[in-house]
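Notes for the one structure printed next.
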Amino acid sequence: MITWMQRHKKWLVITIWISTIAFVGAGFVGWGSYEYGKQGGVVAVVGDREVSVEEYQQEYSNLYEQYSRMFGPMFNNELAEQLRLKDIAYKQVLQKNLIMSYADSLGLDVTDEEIAKELVKYDAFMKDGKFDKDTYVKVLSQNRMTPKDFEESLKRGILLQKVQGLFEIDPTQNEIENISKLLFLEDDITIKILSLDEVNIQLNDEEIKKYWEENKNSYMSEVSYDLEVKEIPLISANSTEEDIKSHYEKFKIDYKHEDGKIKTIEEARELVIKDLDEKFTKTEALKIYLQLKKDEDKFDNAKRFLESQLPYSSENNSKIVETKDSEIIKPFFENNKYFIVKVVKKNLSQPLTYEEASVQVKADFEKVQKTKKLQEIANEQLKDFKGEEILGVTRESITKIPDLEQQQAAKFLNQLFSATTKEGIVNLDNKVVLYRINNSKMAEYNKVKDEVVKGTIIQLQDEEIMLNLLKKLENTFTVHSSIQEKE
């Protein structure tokens with residue numbers, strides 16, 4: 001009964017009940033290979049539900065924003081590709097549509113009144129403490145959404161919540177107390193930490209060269225781009241007083257003090273003039289853009305950039321990465337200038353010669369050999385090692401573990417309390433920890449931790465219910481996909 005789904009068994013366990021609309025101030029993220037280029041396209045059909053390009057894009061955009069908050073400034077388009085966020089977003093949007101198809105089969109629906117109640121919860125749509133339709137339309141427009149698309153997103157989210165309501169679980173007090181004692185189990189342990197820095201090995205050129213021969217495809221040059229660039233500095237629009245007043249009245253909600261109060265026209269004057277200059281310059285830049293496309297004007301300069309050294313914002317660098325050879329990107333604004341960029345040629349990654357890669361190859365080979373030797377030492381010492389004794393260790397005892405960073409200590413404790421043997425080895429990047437559990441005891445029940453424990457129980461049960469529900473739905477509703485994922 002099912003075609004596509006049977007080939008995709010390894011779905012992620014993701015809590016997807018509630019569809020959060022995390023768009024305000026974020027906007028949509030670039031697409032790359034999944035760009036469909038038109039409104040109204042369909043990427044899949046789940047049961048009787050069509051999954052639109054817009055719904056898929058929104059799922060990816062929300063996911064991208066969540067990861068961006070988690071990783072901070074280090075998160076970019078390249079890391080999103082490595083994490084395969086597009087595939088994850090696609091799986092999530094299919095999972096949600098499976099659940100909504102189930103809701104359809106139960107006769108669940110969402111009324112206009114329910115959507116209206118949800119709309120008034122968004123502060124971004126408020127004006128003078130009340131929902132304002134003009135503000136609503138403007139905010140959506142700034143985030144490249146229409147009221148219809150946004151309200152459809154809300155409808156999907158409400159429908160998912162209704163299904164969630166069918167499976168709400170409320171753990172008993174007895175369950176909470178017993179699980180609390182297990183979750184906060186205490187161990188008396190002995191540990192010994194071995195570090196990669198303490199391992200000495202002998203390297204020879206023949207072994208390093210052989211390692212390179214076996215792994216040469218891992219040593220590639222960085223992708224680079226031959227660009228031609230036209231810069232258009234900010235041009236004065238010579239705005240009249242009437243222009244300034246008109247623009248201020250239309251967009252004064254954009255000119256606020258830090259406390260949220262709207263600036264007066266005099267307080268906002270410089271910003272208004274700058275915005276008018278930017279608008280005027282954009283018009284001029286678009287004219288130059290058309291001239292460049294017709295070869296009626298010339299670019300200012302040409303330069304080659306490595307992908308990691310592209311000089312613009314991450315959003316505009318992504319445009320360059322996704323643009324085909326010989327195409328010209330529409331003007332974008334940065335540092336009080338408009339830039340028009342032509343991607344003359346994308347220079348693909350090429351295998352490095354041994355000489356070019358030798359420094360990195362040597363470092364990698366040395367780490368591989370040290371790691372192998374460290375594992376051998378750990379295995380030899382495990383049975384009768386002498387180390388540091390630590391009493392009363394719980395999952396929360398991060399500061400009790402010496403010589404480990406907090407993240408390493410957390411990983412060690414997580415593996416320790418998941419272990420099924422009294423002694424073992426935990427690998428942590430450039431270190432290994434030998435451990436021996438000398439004594440274990442149930443934690444004393446602490447009522448203060450009830451909410452944490454209750455939340456953990458509900459989350460685990462929700463995930464188990466969702467997994468079982470999805471398995472059933474995979475065999476109930478047919479899924480036709482227009483996207484071929486990487487396995």
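Quote the FRET efficiency, to the nearest 0.05, computed for residue 381 versus residue 196 with a Förster distance R0 of 22 Å and r equal to the Cβ-Cβ distance. All intermediate terms of the calculation are to be shown ahead of the outcome.
Values: r = 15 Å, r/R0 = 0.69.
Here the calculated transfer efficiency is 0.90.
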Residue 210-residue 460 pseudo-label distance in nm [points 7 Å out on the Cα-to-Cβ vector]: 4.8
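Summing +1 for each Lys or Arg and -1 for each Asp or Glu, what net charge is found among the other residues whose Cβ lies under 13 Å from the Cβ of residue 369? Please report the intermediate quantities before stating the final value.
Details: positive: 210, 362, 367, 370, 372, 373; negative: 207, 364, 366, 376.
Combined, the nearby Lys, Arg, Asp and Glu give +2.
Based on DSSP H runs of at least 4 residues, each adding -39500 (n - 2.57), what is the mean residue ellipticity at 222 nm of the chain after dividing by all its residues, to the nearest 500 deg cm²/dmol?
Details: 14 runs with 220 residues, N = 487.
Here the helix-only value at 222 nm equals -15000 deg cm²/dmol.
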The stretch 324-455: C-alpha gyration tensor shape, a/c 1.5 cut-off, then a/b vs b/c: oblate
Gain in span if fully extended, residue 66 to residue 223, counting 0.36 nm per residue against the direct Cα distance: 53.8 nm
Cα-centre dipole for the chain with unit charges at Cβ (Lys and Arg positive, Asp and Glu negative), debye to 20: 580
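Apply the Kirkwood formula to the chain: the hydrodynamic radius equals the inverse of the mean of 1/r over all pairs of different alpha-carbon atoms; give it in Å with one decimal.
Working: mean 1/r = 0.0354 Å⁻¹.
Taking the inverse mean of 1/r over all distinct Cα pairs, the chain comes out at 28.2 Å.
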Normalised contact order of the stretch 186-342, rounded percent, pairs of Cα under 8 Å and 6 or more residues apart: 33
Pairs beyond 19 Å (Cα-Cα), from 127/252; 86/121; 91/148; 117/454; 230/303: 86/121; 91/148; 117/454
Solvent-accessible area, 1.4 Å probe, carbon plus sulfur percent, for the chain: 48
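Need the full-extension length gain, residue 249 to residue 123, defined as separation in residues times 0.36 nm minus the C-alpha distance. One decimal, nm.
Values: separation 126, 0.36 × 126 = 45.36 nm, distance 2.08 nm.
Fully extending the segment from residue 249 to residue 123 adds 43.3 nm.
Could you tell me which of rounded, prolate or oblate describes the stretch 269-334, using a ≥ b ≥ c as the square roots of the eigenvalues of the alpha-carbon gyration tensor, with rounded for a/c under 1.5 and, failing that, prolate when a/b is larger than b/c and oblate otherwise?
Oblate.
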Chain lengthening between residue 284 and residue 300 when straightened (0.36 nm per residue, less Cα-Cα): 4.2 nm
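Please work out whether the stretch 244-366 counts as rounded, prolate or oblate from its C-alpha gyration tensor, where a ≥ b ≥ c are the square roots of the eigenvalues and a/c under 1.5 means rounded, while otherwise a/b larger than b/c means prolate and anything else oblate? Working shown, then result.
Details: a/c = 4.37, a/b = 1.82, b/c = 2.40.
Oblate, since a/c reaches 1.5 and b/c is not below a/b.
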Dipole of the chain, positive direction: furthest Cα of 56, 371, 437, with charges on the beta-carbon: 56
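Placing +1 at every Lys and Arg Cβ and -1 at every Asp and Glu Cβ, with all other atoms neutral, what dipole size does the stretch 147-221 have around its Cα centre, in debye to the nearest 20? Walk me through the numbers on the way to the answer.
Working: 9 positive and 17 negative charges, 108 e Å.
In debye, rounded to 20, the stretch 147-221 gives about 520.
Suppose R0 equals 30 Å; then what is the FRET efficiency for residue 258 and residue 76 from their Cβ-Cβ distance, rounded to the nearest 0.05? Could you put the intermediate results ahead of the total?
Details: r = 29 Å, r/R0 = 0.96.
So the FRET efficiency works out to roughly 0.55.
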Simple label model, 7 Å out from Cα along Cβ direction - residue 134 to residue 476, nm: 4.8
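The values are calculated or read from the model by the stated rules, or taken from the named source; none is laboratory data. Every value quoted in this text rests on a predicted model; they were computed, and no experiment measured them. In this analysis, Cβ positions are derived from the backbone assuming ideal geometry, glycine residues included, and neighbour counts consider all displayed protein chains. The area values use the complete protein model at the heavy-atom level, side chains included, leaving out ligands, DNA and RNA. Shrake-Rupley method; radii C 1.70, N 1.55, O 1.52, S 1.80 Å.
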